[in-house]
Amino acid sequence: MSSTIEIGHFCVILALILSISQLLIISLGNLKGWVEWISIGIFITPIVSFLVLMGLLSILFAFIRSDFSLMLVAQHSHSLKPMLYKITGLWGNHEGSMMLWVFIMSPFSLLLFLLRHQYPVKFFSYLLISQSIIVSAFLYYLIFASNPFVRILTPPPDGLGLNPVLQDPALAFHPPMLYLGYVGLCISYSFAVAGMIEGKVDSRWASWVRPWTLLSWIFLTIGISLGSWWAYYELGWGGFWFWDPVENSSLMPWLAATALLHSLNVLLKRNFLKSWTLLLALFAFTFSLIGTFIVRSGIIASVHAFAVDPERGIYLLLIILLLFSFAFVLYIYRFKNFSGNAVFGIYSRESGLIFNNLLLTVSALVIFLGTIWPFIIEVFLGEQISVGPPYFNLSLAPFAFIMGIFLPLGASIKWRRDFVLPSIHRLQIAFYISVATAAVIVFIFKNPSFLLFTGGALCVWIIIGSITDLWSRFKNINLPSKMSSSITFILTRTEFGKNISHMGVGLLIFGIAAVSTLEKEIIKEVQVGDRFILEGYEITFNGVKREARSNYISDVASLSINGEAGTFALFPEKRFYSSQETVTSEVAIKKYISQDVYAVLGDFRKPKDSSENYWVLRIYIKPFINFIWFGSFFVALGGFISLFTKKRNFSKNVEI
């Protein structure tokens with residue numbers, strides 16, 4: 001039995017001790033004015049990061065070596081698993097995922113440490129006070145409530161294996177991406193706390209917070225997109241979003257972070273909305289903590305839940321209350337320092353961004369209410385209810401529609417004050433083209449659905465509106481040389497990235513609207529040689545072949561499909577994992593830009609009163625569903641482009 005695990009365990013305990021010490025040393029240094037103490041406290045950061053890394057690596061090596069003396073490995077790995085899934089087994093469970101959560105804090109804290117010279121020393125010390133509170137709280141939770149280092153005195157000969165549904169390449173990257181987004185928002189939270197302690201939040205502060213928030217937002221966007229894509233091709237029900245509580249728990253901080261980014265733009269340009277921006281920073285991170293609580297408390301049923309232990313949930317709830325209460329009390333105490341007025345017209349960029357903030361914030365609150373409502377009803381009334389897609393779709397569709405309409409308008413309006421007619425005139429061509437295109441789409445598909453018409457119109461409206469905005473900003477730029485062209489591109493990357501993201505939103509809206517209204521489905525009981533037709537595709541069932549794989553047995557169906565684009569084959573599967581006695585479905589998809597042909601192999605049936613056997617087969621035709629993934633890609637790409645912007649010069653006073 002290797003001692004690596006004990007060394008890793010010791011490193012994590014030592015990291016907790018040092019993190020608490022860092023909090024005390026920096027706090028005392030600030031109270032007493034001891035600069036040397038503050039310096040010592042600051043340099044504890046890389047040591048804590050290194051120790052947490054050692055703790056994670058010790059567990060990771062146990063998974064790679066199939067060391068079943070570690071309970072985590074015995075319960076969530078298997079010697080026959082491919083190496084990729086041995087590694088991902090680390091975060092395919094509660095304890096391991098919390099270890100990953102704590103670990104991801106380390107590179108963020110380390111990056112802060114490396115960039116410390118960009119911030120005033122006193123402000124940076126306040127920043128580390130907040131970070132050390134967060135790191136200490138989660139290290140304490142990891143060690144005393146979710147210990148991943150528990151040994152088994154008599155190790156089993158083999159492990160139980162990872163949940164088969166999680167044995168997928170997308171799930172190798174989906175949780176880390178989400179955690180990078182969740183944990184990254186703790187930096188925005190800490191900047192807010194540091195600004196409130198110092199009593200100074202201004203445009204310079206906004207320029208510091210914006211890159212961290214944007215980076216977290218990009219990771220959240222990628223993580224949510226990967227999760228949606230995984231659910232689409234792995235779970236076998238053909239959907240991309242089910243409003244599951246865990247899905248909702250990732251969407252809430254994303255909406256709050258989106259609102260925060262727009263609010264930071266106002267603070268950066270005009271130096272107001274200070275108190276509102278601080279509040280959004282607190283709520284964005286709080287929503288990410290609430291998501292962690294939902295996944296790990298077991299209070300709300302979810303196919304994505306890691307744990308069903310309410311006692312662990314109580315500890316997490318206490319951490320949420322501690323962190324939010326600490327920041328909120330500070331917010332109330334300092335509120336007068338950040339209240340202020342700015343002069344701007346009703347029809348202005350400022351008004352548009354404030355309206356955008358309200359829509360995004362209310363949307364997040366609507367999702368939060370729908371997610372926790374079953375729990376509230378059960379606690380106070382003793383009844384069990386479910387809040388499903390109808391509530392969320394009906395509640396949020398109006399907000400999405402309004403935001404879609406105002407995206408091009410808000411982006412084209414000038415700061416301080418603008419006039420309605422000129423801005424409408426700038427977008428009238430976009431309006432006419434969008435309505436005409438939507439009408440053509442409805443005519444082609446012979447589906448007079450309001451959702452399809454609206455989705456098509458909004459998609460074209462947003463994309464052409466974004467192109468119009470870019471053209472209006474850059475058409476008068478003089479480019480006498482390649483050098484000036486490069487400089488201009490650097491100076492305008494924020495606007496370019498913003499419009500790329502907005503175009504992605506347009507594609508996303510159309511993909512959702514199109515697949516929701518045009519999708520076709522057929523469920524057939526088939527035998528070898530059976531043929532049927534769906535939406536111009538002739539589908540032939542050639543039978544099922546059983547195959548033995550390394551860690552499962554698979555029934556593989558063979559389908560020959562003939563369509564206008566030619567003939568192709570699909571091979572949907574049903575897999576049986578003996579170590580967990582679990583059956584899963586593996587869908588088969590033929591992808592085109594304009595649609596997917598999606599096949600799922602169902603149950604094998606043998607009726608009692610018949611000698612004939614048959615398989616249940618489900619086939620979907622999903623028009624334009626790939627626009628959802630294209631749109632998500634462009635949304636993240638726009639954020640990535642905006643991340644690398646030229647720093648502003650704050651030597652001049654900001655105009656209010």
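The values are calculated or read from the model by the stated rules, or taken from the named source; none is laboratory data. It should be emphasised that the depicted structure is a prediction, and the values quoted were computed from it without experimental measurement. Neighbour counts run over all protein chains shown; Cβ positions are idealised from the backbone, glycine included.
Only residues that are closer than 21 Å to residue 249 by Cβ and either among the polar types (S, T, N, Q) or crowded, with 19+ Cβ neighbours inside 10 Å (or both): list them for segment 323-356, please.
Taking segment 323-356 and keeping what is closer than 21 Å to residue 249 by Cβ, we get 323-325, 327-328.
Of everything in segment 323-356, those that are closer than 21 Å to residue 249 by Cβ and either among the polar types (S, T, N, Q) or crowded, with 19+ Cβ neighbours inside 10 Å (or both) turn out to be 323, 325, 327.
Are there helices (runs of 4 or more DSSP H) fully within segment 445-536 with at least 3 residues that are at pLDDT 90 or above? List them.
Values: elements: 450-474, 482-491, 493-518.
Those helices (runs of 4 or more DSSP H) span 450-474, 493-518.
For residue 122, which of the numbered conditions (1) basic (Lys, Arg); (2) buried (at least 17 other Cβ atoms within 10 Å of the Cβ); (3) more than 18 Å from residue 165 (Cα to Cα) fails to hold?
Here residue 122 meets the rest and fails (2).
Could you identify the single residue in 277, 221 that is buried (at least 20 other Cβ atoms within 10 Å of the Cβ) and within 18 Å of residue 180 (Cα to Cα)? Steps first, please.
Values: 277 fails: within 18 Å of residue 180 (Cα to Cα).
When all the criteria are applied, what remains is 221.
For segment 1-100, which fully contained helices (runs of 4 or more DSSP H) count at least 1 residues that are at pLDDT 90 or above and either surrounded by 16 or more Cβ atoms within 10 Å (Cβ to Cβ) or in contact with a strand residue (DSSP E or B) (Cβ under 7 Å, 6 or more places away or on another chain) (or both)?
Values: elements: 4-32, 35-42, 45-65, 71-76, 83-88.
Of the helices (runs of 4 or more DSSP H) lying wholly inside segment 1-100, those with at least 1 residues that are at pLDDT 90 or above and either surrounded by 16 or more Cβ atoms within 10 Å (Cβ to Cβ) or in contact with a strand residue (DSSP E or B) (Cβ under 7 Å, 6 or more places away or on another chain) (or both) span 4-32, 35-42, 45-65, 71-76.
Every residue in segment 554-599 that is modelled with pLDDT of 90 or more, within 29 Å of the chain's Cα centre (by Cα) and of a type in the set (Val, Ile, Thr), please.
587, 589, 593, 597 - these are the residues of segment 554-599 that are modelled with pLDDT of 90 or more, within 29 Å of the chain's Cα centre (by Cα) and of a type in the set (Val, Ile, Thr).
Residue by residue through segment 189-220, note down the ones that are hydroxyl-bearing (Ser, Thr, Tyr), more than 20 Å from residue 333 (Cβ to Cβ) and in contact with a Phe, Trp or Tyr (Cβ under 7 Å, 6 or more places away or on another chain).
The first filter runs over segment 189-220 and keeps only residues hydroxyl-bearing (Ser, Thr, Tyr), leaving 189-190, 203, 207, 213, 216.
Filter again for more than 20 Å from residue 333 (Cβ to Cβ), leaving 203, 207, 213, 216.
Once the filter is applied, which keeps residues that are hydroxyl-bearing (Ser, Thr, Tyr), more than 20 Å from residue 333 (Cβ to Cβ) and in contact with a Phe, Trp or Tyr (Cβ under 7 Å, 6 or more places away or on another chain), segment 189-220 yields only 203.
Checking residue 428 against (1) without any contact (Cβ under 8 Å) to a residue 40 or more places away in the chain; (2) within 26 Å of residue 517 (Cα to Cα); (3) of a type in the set (S, T, N, Q), which single condition isn't satisfied?
The one condition residue 428 does not meet is (2).
Could you go through segment 149-159 and let me know if any residue there is aromatic (Phe, Trp, Tyr), assigned by TED's automatic domain parsing to the domain that holds residue 43 and surrounded by 22 or more Cβ atoms within 10 Å (Cβ to Cβ). First the steps, then the outcome.
To start, the set of residues in segment 149-159 that are aromatic (Phe, Trp, Tyr) comprises 149.
Applying the additional criterion that residues be assigned by TED's automatic domain parsing to the domain that holds residue 43 yields 149.
Cutting the leftovers down to surrounded by 22 or more Cβ atoms within 10 Å (Cβ to Cβ) gives us 149.
Within segment 149-159 (the criterion being aromatic (Phe, Trp, Tyr), assigned by TED's automatic domain parsing to the domain that holds residue 43 and surrounded by 22 or more Cβ atoms within 10 Å (Cβ to Cβ)), the answer is yes, since at least one residue qualifies.
For residue 161, all conditions in the list (1) of a type in the set (Gly, Ala, Ser); (2) in a helix (DSSP H, G or I); (3) at positive phi hold save one; what is the number of the exception?
(2)
(1) at pLDDT 90 or above; (2) surrounded by fewer than 22 Cβ atoms within 10 Å (Cβ to Cβ): which one isn't true of residue 605, the others all being true?
(1)
Table: residues versus (1) among the aliphatic types (A, V, I, L, M); (2) without any contact (Cβ under 8 Å) to a residue 40 or more places away in the chain.
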site	(1), (2)
5	yes, no
12	yes, no
27	no, no
36	no, yes
56	yes, no
79	no, no
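Return the total of residues in segment 633-656 being hydroxyl-bearing (Ser, Thr, Tyr) and either surrounded by fewer than 16 Cβ atoms within 10 Å (Cβ to Cβ) or modelled with pLDDT of 95 or more (or both).
The first filter runs over segment 633-656 and keeps only residues hydroxyl-bearing (Ser, Thr, Tyr), leaving 642, 645, 651.
Keeping just the survivors that are either surrounded by fewer than 16 Cβ atoms within 10 Å (Cβ to Cβ) or modelled with pLDDT of 95 or more (or both) gives 651.
Total satisfying the criteria: 1.
Name the residues in segment 530-569 that are farther than 15 Å from residue 596 by Cα, of a type in the set (Gly, Ala, Ser) and free of Cβ contacts under 8 Å to residues at least 60 places away in the same chain, would you?
If the condition is that a residue be farther than 15 Å from residue 596 by Cα, of a type in the set (Gly, Ala, Ser) and free of Cβ contacts under 8 Å to residues at least 60 places away in the same chain, then 543, 548, 554, 558, 560 are the ones that fit.
Looking only at segment 203-218, which residues are under 10 Å from residue 258 (Cβ atoms) and surrounded by fewer than 22 Cβ atoms within 10 Å (Cβ to Cβ)? Steps first, answer last, please.
Here is the first cut: in segment 203-218, the ones under 10 Å from residue 258 (Cβ atoms) are 213, 217.
Correct list: empty.
Can you spot a residue in segment 19-42 that is under 32 Å from the mean Cα position of the chain (by Cα) and among the charged types (D, E, K, R)?
Narrowing segment 19-42 to residues under 32 Å from the mean Cα position of the chain (by Cα): 19-20, 22-23, 42.
Filter once more, keeping what is among the charged types (D, E, K, R): none.
For segment 19-42, residues under 32 Å from the mean Cα position of the chain (by Cα) and among the charged types (D, E, K, R): absent.
Looking at segment 415-433, which of the residues that are of a type outside the set (Phe, Trp, Tyr) and surrounded by 14 or more Cβ atoms within 10 Å (Cβ to Cβ) is modelled with the highest pLDDT? Outline the logic, then answer.
Narrowing segment 415-433 to residues of a type outside the set (Phe, Trp, Tyr): 416-418, 420-430, 433.
If we keep only those that are surrounded by 14 or more Cβ atoms within 10 Å (Cβ to Cβ) as well, we get 416-418, 423, 426-427, 430, 433.
Numbers: 416: 79, 417: 79, 418: 73, 423: 75, 426: 80, 427: 85, 430: 90, 433: 94.
This residue is 433.
Are any of the residues in segment 401-412 of a type in the set (A, V, I, L, M, F, W, C), closer than 23 Å to residue 496 by Cβ, surrounded by 12 or more Cβ atoms within 10 Å (Cβ to Cβ) and touching an Asp or Glu at 6+ places or on another chain (Cβ under 7 Å)? Working first, answer last.
Residues of segment 401-412 that are of a type in the set (A, V, I, L, M, F, W, C), as a first pass: 401-403, 405-407, 409, 411.
Retained after the next criterion (residues that are closer than 23 Å to residue 496 by Cβ): 403, 405-407, 409, 411.
Applying the additional criterion that residues be surrounded by 12 or more Cβ atoms within 10 Å (Cβ to Cβ) yields 403, 405-407, 409, 411.
Of the ones still in play, those that are also touching an Asp or Glu at 6+ places or on another chain (Cβ under 7 Å) are 411.
Yes, because at least one residue in segment 401-412 is of a type in the set (A, V, I, L, M, F, W, C), closer than 23 Å to residue 496 by Cβ, surrounded by 12 or more Cβ atoms within 10 Å (Cβ to Cβ) and touching an Asp or Glu at 6+ places or on another chain (Cβ under 7 Å).
Considering only segment 113-125, I want to know if a residue exists there that is part of a loop (DSSP other than H, G, I, E, B) and either among the β-branched types (Val, Ile, Thr) or in contact (Cβ under 8 Å) with a residue 40 or more places away in the chain (or both).
Step one: list which residues in segment 113-125 are part of a loop (DSSP other than H, G, I, E, B), which gives 115, 119-120.
With either among the β-branched types (Val, Ile, Thr) or in contact (Cβ under 8 Å) with a residue 40 or more places away in the chain (or both) added as a condition, the list becomes 119.
There is at least one residue in segment 113-125 that is part of a loop (DSSP other than H, G, I, E, B) and either among the β-branched types (Val, Ile, Thr) or in contact (Cβ under 8 Å) with a residue 40 or more places away in the chain (or both).
Just one of (1) within 31 Å of the chain's Cα centre (by Cα); (2) over 30 Å from residue 201 (Cβ atoms); (3) surrounded by fewer than 14 Cβ atoms within 10 Å (Cβ to Cβ) trips up residue 392, so point out which.
(3)
Being aliphatic (A, V, I, L, M), in contact (Cβ under 8 Å) with a residue 12 or more places away in the chain, closer than 24 Å to residue 407 by Cβ and outside the structural domain of residue 30 (by TED's automatic domain parsing) narrows it down to one residue among 220, 235, 226; which is it? Working first, answer last.
Numbers: 235 fails: closer than 24 Å to residue 407 by Cβ; 226 fails: closer than 24 Å to residue 407 by Cβ.
On inspection, the qualifying residue turns out to be 220.
Is it true that some residue in segment 501-515 is surrounded by fewer than 17 Cβ atoms within 10 Å (Cβ to Cβ), touching a residue at least 24 places away in the same chain (Cβ under 8 Å) and either of a type in the set (A, V, I, L, M) or out of contact with any strand residue (DSSP E or B) (no Cβ under 6 Å at 6 or more places or on another chain) (or both)?
Filtering segment 501-515 for residues surrounded by fewer than 17 Cβ atoms within 10 Å (Cβ to Cβ) gives none.
No; the residues of segment 501-515 include none that is surrounded by fewer than 17 Cβ atoms within 10 Å (Cβ to Cβ), touching a residue at least 24 places away in the same chain (Cβ under 8 Å) and either of a type in the set (A, V, I, L, M) or out of contact with any strand residue (DSSP E or B) (no Cβ under 6 Å at 6 or more places or on another chain) (or both).
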